[in-house]
Structures are given as structure tokens and as C-alpha cells.
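What follows is a short report on a single structure.
The values are calculated or read from the model by the stated rules, or taken from the named source; none is laboratory data. Predicted, not measured: the structure shown is a model, and the values here were computed from it. A quick note on method: Cβ atoms are made from the backbone with ideal geometry, for glycine too, and the neighbour counts reach across all protein chains shown.
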Amino acid sequence: MAQSSTRAATAVEAGVREVYLAHYGRLSGWATTLVGDRGLAHDVATEAFVRLMRHWDTVDDPRPWLYTTTANLVRDHWRKRGREAAAYERFQGGVTDPDVAAPGADPADVLSVRQAVESLPERMRIPVLLYYFADLSVAQVAREIGKSDGAVKRDLYDARALLAKTLEGTR
Amino acid sequence: MNRHERDDERAVEEFFAAHRDRVPEEPADEVTWQRIKDRHRREARGSRWGTVAGLGIAAAAMAIGTYVVWPQISGTVPGPAAPVDAASDTSDPASSGPADSVPTGAAPTTGAVPPTASSTARATGTAEPTGTDQPTGTDQPTGTDQPTDGVTAPGPDAPAASVAAGEAPDALPSDFAVVGTSDAGGGQLFATGTHEADCEGTLCVLLAASTDGGLTWYPVADLVPVGISQVEFLDAQTGYGWADARGSGALYLTDDGGLTWTSVTLGASQVWDVQAQDDRVVVAASTGECGEAGCAGLVVVDAAVGDLDLTDHVAQVIDPVVEGVQVQWAGAGAYLWAPPPEPGTAPGSGAEGWGTWRVQDGRAETLAEPLDCSTPLAFAAAADTDGQIFTACALPGQDPASVSDAGVWRSTTGGRTWGSPGGSFAALSGDGVLMASTDADHVLVVTRDEVLLSDDGGMSWHEPSTPLPLTSPSLLSLTAEPGGVLVAVVDDTVAGTGSPGYWTSTDRGETWERVDLLP
């Protein structure tokens with residue numbers, strides 16, 4: 001029994017290692033863009049892979065699973081940081097966000113992904129992150145977040161209109 | 001799709017494509033892979049310990065029969081060593097459900113947990129891991145900002161400003177995330193934490209308390225009106241509160257268990273840490289300008305508890321920017337530790353913005369680092385032993401930018417002289433090392449990869465018999481209390497436990513158990 005268990009663990013590690021070599025670098029960089037801190041992004045991506053190893057038997061498609069896990073970890077981090085900042089602003093009587101970029105020509109220069117995504121209602125944020133920024137398909141997003149394809153399409157449709165307005169406002 | 005919608009789609013796609021093009025490619029190196037494997041193996045072992053402990057307790061309960069009802073043995077309690085339950089992860093798709101659902105953090109246990117309190121009223125400073133959850137770096141003016149709601153502004157001879165904390169909810173929210181703890185002695189514990197539920201889309205900070213050593217918890221007050229998020233209580237009524245948000249500088253004192261708070265005049269731009277014992281309070285703060293890297297003008301205050309004007313007790317320590325300064329007690333002696341700004345910083349005096357100091361006669365006396373300490377990584381004062389302090393350093397001869405082996409140096413003379421390190425441990429890249437010590441012999445080190453305990457002052461290391469099933473990236477702080485107690489506060493951002501609680505050891509780090517704040 002022990003030998004069988006060891007063999008299973010080795011097989012899991014071998015499988016996850018292949019995924020690690022293929023996707024870790026990009027995933028960690030993806031998280032860095034979202035949290036703005038390379039060390040934290042490294043921790044987040046590492047955590048996603050630890051969880052992948054834990055759930056390996058039930059994960060059919062590792063790449064969308066990893067990006068969804070990472071997006072959720074990032075969202076939790078944003079919430080925590082955002083809540084801290086919001087409470088502090090309430091305490092201070094309102095303080096503007098120093099990270100807001102000045103207007104410029106390139107949309108990537110004037111608005112961060114975080115700012116764009118956080119301008120959306122909560123239900124649209126993860127679908128937008130996964131579809132537009134992680135480049136997953138509607139079907140992959142729907143499967144990972146437990147919604148129907150139609151519901152994801154509706155979220156993306158609504159989000160597009162809101163995001164376009166936000167982007168327009170930065171020009 | 002009409003033309004307008006097509007324009008929207010193109011604008012959005014172009015925006016994200018521009019950002020996708022900028023995503024950096026990080027290396028998928030062997031060190032990180034090893035870390036992933038080790039963490040998984042550690043968690044797997046943690047699960048087994050939890051199962052074994054749970055079975056042991058269940059067997060004991062059956063043997064004892066109905067004669068004794070031990071509060072821990074009830075319902076589905078998995079045992080004191082139960083690790084973070086994978087089912088409570090809220091971030092991975094396998095367990096979180098739809099992404100727009102707010103994590104509810106169902107507690108994995110239904111029974112009470114063992115007491116955690118020591119009998120002495122004292123708590124230690126926090127040891128934050130690198131870069132996982134720093135306060136928002138807003139530059140704020142120094143010192144005198146006060147909340148504007150519900151505050152009585154003092155005139156020249158008026159009494160100090162008092163702020164009433166907000167009304168607490170009926171019960172602790174399920175998404176309550178502990179950010180700090182304080183042991184007031186006699187089974188009286190306090191915890192601060194954040195939550196989002198019923199909070200109008202913003203942060204709420206709550207003060208929670210337990211009067212039975214952590215078995216049951218209840219909400220005390222909403223701390224948002226006061227603007228504080230950390231507390232240090234001396235007893236059930238008396239305590240200090242401060243904000244860990246960058247640039248606040250607010251310090252308050254309560255004498256009614258946290259319901260109302262009176263402003264303490266300090267003139268700080270940032271309060272780093274407050275620790276009190278007996279009738280003495282030591283505050284580490286900065287009075288200079290704050291930025292992303294930290295705050296300038298580190299000062300220390302050593303004063304009597306209850307003094308509402310500390311300006312006469314402020315003593316300058318160093319001027320350069322510091323970050324994450326801690327106050328720790330070794331017996332009756334207080335020490336300051338300002339960590340190096342990042343791994344690989346060359347050793348030197350505190351004038352570089354970091355260092356270790358002994359608080360003596362109202363001022364801070366600079367301590368020399370051990371001679372062969374090439375790069376300091378962590379500091380710990382032995383909670384129960386006067387003059388006993390430890391410094392974790394990279395072993396000599398390594399490139400500061402790529403540290404791989406570290407050791408612990410011990411001083412039994414309050415930092416005037418240092419011994420030599422014994423066995424080494426891996427501290428890859430030199431960051432993410434947390435350390436705490438309960439007494440002259442026991443030191444616990446938590447790295448990114450492992451948890452190690454020494455019972456001979458750092459000369460040799462072993463894995464605790466029931467170790468903390470978390471490594472440093474998952475922790476907000478690791479602190480030592482008198483009486484052999486250690487407390488580890490989990491960073492829920494990384495660990496994703498989804499259930500309010502923290503971890504504690506009451507036997508100097510040999511065995512760990514989780515304290516759940518929800519029944």
C-alpha cells in the first residue's frame with residue numbers, strides 16, 4: 001500500500017512538473033501585472049501550483065484551472081488591500097489613490113488592468129480577467145467558474161460596454 | 001452586433017492585448033519547483049497528522065466514556081493538529097464555486113478549541129513576511145491627523161480626544177480575517193481582523209475577544225470610526241490601538257475593553273508596533289515622511305502605561321527610512337528590530353535604515369550584529385528570558401543576493417556579545433524567514449519551505465513533532481508570548497483558509513493547533 005501511495009505521489013509530481021515548466025513563467029508574470037509586486041506574484045503563482053498538486057486528480061485542464069485559481073487569489077488580495085485603503089480613506093476623510101496613472105496615449109499606460117477590472121461590478125470581474133487577460137475561451141471560463149456559456153457571454157457583453165466607457169474616459 | 005458595440009469590443013480587446021503583450025515571463029526555476037513540491041508534501045503530512053490526532057482524540061473520548069466531557073471532543077472536531085482544510089479554500093476553482101460568490105469561509109470545526117492563553121499579560125511584535133500584504137503606500141502628512149467623526153477636538157487645556165468605537169455586529173462575520181492578536185492574560189484574548197460582509201462594500205475592522213482562553217469568541221466593537229487595526233491589551237480593560245496603514249500615526253488608549261478610545265499624543269507619521277507589560281509601554285514609530293519604502297525618522301517611546309502625552313518621551317533612533325519595525329520583549333528588556341529593506345543588503349549600522357536596538361533608559365542603544373553575520377534575516381527576543389536574543393543570518397561567504405544557507409546566532413548578554421551559530425538551515429534567496437523564541441533555548445524558524453525548532457539555542461534543528469502546517473508565505477506574523485506560547489497569524493490572502501482563526505503552540509513550538517474564532 002505504501003509503495004502504491006508513493007508511486008501515485010510521484011506520478012502527480014511528474015504531471016504537475018510538466019505543467020509547471022510549460023506555464024509557471026507566464027502565470028507568475030501575469031500575476032505580477034495584476035498585483036504589481038513580483039514577490040507577491042511569485043507567492044500567488046506558487047500557491048496556485050501547490051493547490052493544483054492537491055487537486056490534480058480532479059483537474060481536467062490545468063491551464064484554465066491555474067489562471068482561475070490565480071485570479072481568485074489576486075481578487076482576494078485586491079479586496080483586502082482595497083478594503084484597507086477604503087477604511088483608511090474613510091478614517092482620513094477621503095484620500096485620492098496615488099497609483100492612478102496620468103492620462104496618456106496608450107491605454108495600457110493610462111489604466112491598469114486592476115483599475116479596469118475593479119471598475120466593474122463583482123460578477124463581471126473574474127470572467128473579464130480570464131477571457132480578456134488570460135485569453136481563455138468562453139467555454140473554458142464557464143467551466144472553471146461554474147456558469148453557463150450564456151451567462152458568461154452576458155457578463156462579458158455587459159462588461160464590454162462599461163469598460164469601453166471607462167477607457168473612453170481616460171482618453 | 002451594431003457598429004457601436006463593435007467599437008466597444010475593439011477598444012476593450014486592444015486594451016487587454018496591450019497589457020498581455022507586457023506580461024513579463026518569469027523563470028520556472030528548480031528552486032521554485034522544489035518549493036512547490038515541499039509545500040505539497042508538508043501539507044499532505046499535515047493532513048495525516050490531523051487525521052491521526054483526530055482519531056486519537058475520538059478513541060480517548062470513547063475510552064473515557066461519559067464520565068468526562070472535554071470541550072474539544074465534540075461533533076466533528078478534527079483534532080487539535082488539524083491543518084487548513086482544503087475544502088475551505090476559497091480561491092481554487094475546485095472548491096470556490098462561481099467566482100462572483102463571496103467566500104463564506106465555513107469553519108471546518110464545530111467544537112471548541114483548547115485554551116491558548118498564558119497567564120502573563122504581554123504580547124510580542126509582529127514579524128511580517130516580505131511583500132505579501134503591506135499597507136497601502138499612501139503618503140500622508142505627519143503626525144497629527146485625527147478622525148473627524150465622533151471626535152471631541154481638544155483645546156489647549158481640554159481633555160484628550162475620545163472616539164467611540166462603532167457598534168459590533170451580533171456575531172463574528174464568517175469572512176472575518178484575523179490580522180492581529182493580543183493576550184491580556186488570565187484567559188482574556190483579543191483579536192483584530194477585517195471583514196467585508198454587511199460592510200457597504202468597504203473594509204470593516206472588528207475587535208473580537210475571548211474570555212475563556214480562545215474557546216469562544218465574540219465581537220466587541222467596530223474599529224473603523226477609530227481608524228485602528230492593531231491592538232495591545234494589558235488586561236481585559238486597558239489596551240492600546242493603532243493603525244498599520246501607512247502614514248496614519250494614530251495611537252489610542254482604551255480603558256473600557258475597546259468600546260471607547262482616547263487619543264495619545266505622539267506626533268508620529270507611522271506607529272510600527274506597541275508592546276506593553278506591567279506598567280510600561282514601548283512604542284516604535286516614525287515621525288518623518290512616509291513613502292512606499294517606509295517612513296523616515298524612527299523614534300522609540302518608553303513610558304508609563306496611561307500617559308496620554310508621550311511627546312516628552314520620544315527619543316530619536318535613526319533618521320533613514322525604515323519599514324516593519326518590531327518591538328519585542330526579552331524578559332523585562334525591550335528590543336527594536338528594523339529589518340533590512342530587502343534580502344542581500346550588506347550588513348552595517350542602523351544608519352542604513354535597519355538594525356537592532358536595546359531600549360534602555362528611555363532611548364535606543366544600537367546593538368552590533370554578530371561579527372560573522374553577513375546578512376541579517378530575522379530577529380527574536382526570548383520572551384521569558386532577560387538578555388536573551390537571537391539573530392538569524394546568512395552564513396558567511398555567500399553572495400548576499402543569493403543566500404542559500406542560514407544560521408542563528410545567540411546572545412545571552414542582550415546583544416553585547418554573540419556566540420557562534422550551530423546547525424544551518426536553507427533560506428533560499430534569504431527572504432521570508434520568520435523567527436520567534438519563547439526562552440533561552442527554544443527558537444522556532446519558519447522559512448518559505450519548512451518549520452524548524454531548536455531546543456538548544458539554535459545549535460541544532462529538528463522538525464517539530466506536530467509542526468505548524470504553514471510556511472512563511474502564508475503567515476502575517478509569528479510571535480512569542482511568555483509561558484512558552486507562540487502565535488502564528490495566517491495571511492488569508494495567500495493561505496486562503498476561509499475561516500477566521502490563527503495557529504498557536506503552548507509547548508514552545510513542538511505542537512501546533514488551530515484556534516477557530518467561529519464555533
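General remarks:
- Scanning the stretch B:436-453 for residues that are surrounded by fewer than 24 Cβ atoms within 10 Å (Cβ to Cβ) and not small (G, A, S) turns up B:D439, B:D441, B:D449, B:E450, B:V451, B:L452, B:L453.
- Every residue from the stretch B:247-263 that is buried (at least 24 other Cβ atoms within 10 Å of the Cβ), modelled with pLDDT of 95 or more and not in a strand (DSSP E or B): B:G258
- The stretch B:451-494: number of residues that are more than 14 Å from chain A (Cβ to nearest Cβ) and on the phi < 0 side of the Ramachandran plot: 26
- Among the residues examined, B:V445 does not qualify as at pLDDT 90 or above and within 14 Å of chain A (Cβ to nearest Cβ).
Residue by residue, here is whether (1) under 23 Å from A:R125 (Cβ atoms); (2) at pLDDT 90 or above; (3) touching a Phe, Trp or Tyr at 6+ places or on another chain (Cβ under 8 Å); (4) aliphatic (A, V, I, L, M) holds:
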position: A:H42; (1), (2), (3), (4): yes, no, no, no
position: A:A48; (1), (2), (3), (4): yes, yes, no, yes
position: A:D57; (1), (2), (3), (4): no, no, no, no
position: A:P64; (1), (2), (3), (4): yes, yes, no, no
position: A:D76; (1), (2), (3), (4): yes, no, no, no
position: A:G82; (1), (2), (3), (4): yes, no, no, no
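- Among the criteria (1) at positive phi; (2) part of a helix (DSSP H, G or I), the one B:D312 does not fulfil is (1).
- Among the residues making up the stretch B:188-207, those that are surrounded by fewer than 23 Cβ atoms within 10 Å (Cβ to Cβ) and either modelled with pLDDT of 90 or more or touching a Cys at 6+ places or on another chain (Cβ under 9 Å) (or both) are B:Q188, B:H195, B:E196, B:A197, B:D198.
- Among the residues of the stretch B:294-305, those that are surrounded by 14 or more Cβ atoms within 10 Å (Cβ to Cβ) and small (G, A, S) comprise B:G294, B:A296, B:G297, B:A303.
- Odd one out for A:A142 among (1) touching a residue at least 12 places away in the same chain (Cβ under 8 Å); (2) more than 14 Å from the chain's Cα centre (by Cα): (1)
- Residue that is nearest to B:T479 (Cα to Cα) [pool: residues in the stretch B:264-274 that are buried (at least 22 other Cβ atoms within 10 Å of the Cβ) and touching a residue at least 60 places away in the same chain (Cβ under 8 Å)]: B:D273
- Conditions (1) crowded, with 22+ Cβ neighbours inside 10 Å; (2) part of a strand (DSSP E or B): number failed by B:I228: (2)
- Residues of the stretch A:123-157 satisfying the condition of being of a type outside the set (A, V, I, L, M, F, W, C), more than 10 Å from chain B (Cβ to nearest Cβ) and surrounded by fewer than 16 Cβ atoms within 10 Å (Cβ to Cβ): A:S137, A:S148, A:D149, A:G150, A:R154
Yes/no per residue for (1) touching a strand residue (DSSP E or B) at 6+ places or on another chain (Cβ under 6 Å); (2) at the interface with chain B (Cβ under 7 Å from one of its Cβ atoms); (3) not hydrophobic (A, V, I, L, M, F, W, C):
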residue	(1), (2), (3)
A:L40	no, yes, no
A:A45	no, no, no
A:H55	no, yes, yes
A:T69	no, yes, yes
A:R79	no, yes, yes
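- Condition check for B:D244: in a loop (DSSP other than H, G, I, E, B), among the acidic types (D, E) and over 23 Å from B:G294 (Cα atoms): no
- Residues within the stretch B:421-437 that are at pLDDT 95 or above and not aliphatic (A, V, I, L, M), tallied: 1
- Breaking point among (1) over 15 Å from the mean Cα position of the chain (by Cα); (2) assigned to a helix (DSSP H, G or I); (3) more than 7 Å from every other protein chain (Cβ to nearest Cβ); (4) at pLDDT below 90, for A:V19: (4)
- Residues being assigned to a helix (DSSP H, G or I), more than 7 Å from every other protein chain (Cβ to nearest Cβ) and under 34 Å from the mean Cα position of the chain (by Cα) - total across the stretch B:1-42: 6
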